[in-house]
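One structure below.
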Amino acid sequence: MKKYKGEFAVQSFNPFSVMWFRFHSPKVTRGQLVSKYRKNIDLEYIERFICAQPFIWRIISKPQFIAADLRSISLETAFQAVDIDADLLTWTGRGKELIETASQFSKTVIAEQFPDDFDFSDNWEESCE
């Protein structure tokens, strides 16, 4: 990353990874991925649930942004992000409806899996205001 000339950020579900960048590369913009979405109750879900708790971000990772899963975002997450002066991003917007839902919580939506013919210029700014 030292040789890369463009802008970038790092993000992780693991608060200790985010903390590592805080201490070893403090100029790198860092984010905490947050999801309480439950498909199954297994070890992965338990780890994500614990890492999604605001006290973890406050004490361990101290991120500059929170990237919250749209499937489990809450007003509590939004308020906690504001409380630690972190930007709130939402993921993953897969189409106009999810982007509109996401824009209720954040100005920035991480999007993926758009069809080849999706027109980003078609009312894009209106759907993100």
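Matching residues to (1) at pLDDT 85 or above; (2) touching a Pro at 6+ places or on another chain (Cβ under 6 Å); (3) more than 22 Å from K107 (Cβ to Cβ):
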{"residue": "Y4", "(1), (2), (3)": "yes, no, yes"}
{"residue": "V18", "(1), (2), (3)": "yes, yes, no"}
{"residue": "L33", "(1), (2), (3)": "yes, no, no"}
{"residue": "R38", "(1), (2), (3)": "no, no, yes"}
{"residue": "F55", "(1), (2), (3)": "yes, no, yes"}
{"residue": "Q64", "(1), (2), (3)": "yes, no, no"}
{"residue": "A68", "(1), (2), (3)": "yes, no, no"}
{"residue": "D83", "(1), (2), (3)": "yes, no, no"}
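Filtering T92, T101, T29, T77 for residues that are modelled with pLDDT of 90 or more, surrounded by 13 or more Cβ atoms within 10 Å (Cβ to Cβ) and not hydrophobic (A, V, I, L, M, F, W, C) leaves a single hit, T29.
Within region 32-63, the set of residues being assigned to a loop (DSSP other than H, G, I, E, B) and charged (D, E, K, R) comprises K36, R38, K39, D42, K62. Evaluate the following for I73: is it out of contact with any helix residue (DSSP H, G or I) (no Cβ under 7 Å at 6 or more places or on another chain), more than 28 Å from E100 (Cβ to Cβ) and among the β-branched types (V, I, T)? It is false that I73 is out of contact with any helix residue (DSSP H, G or I) (no Cβ under 7 Å at 6 or more places or on another chain), more than 28 Å from E100 (Cβ to Cβ) and among the β-branched types (V, I, T).
The values are calculated or read from the model by the stated rules, or taken from the named source; none is laboratory data. All values derive from a computational prediction rather than experimental measurement. Glycine also receives a Cβ, built like all others from the backbone with ideal geometry; neighbour counts cover every protein chain displayed.
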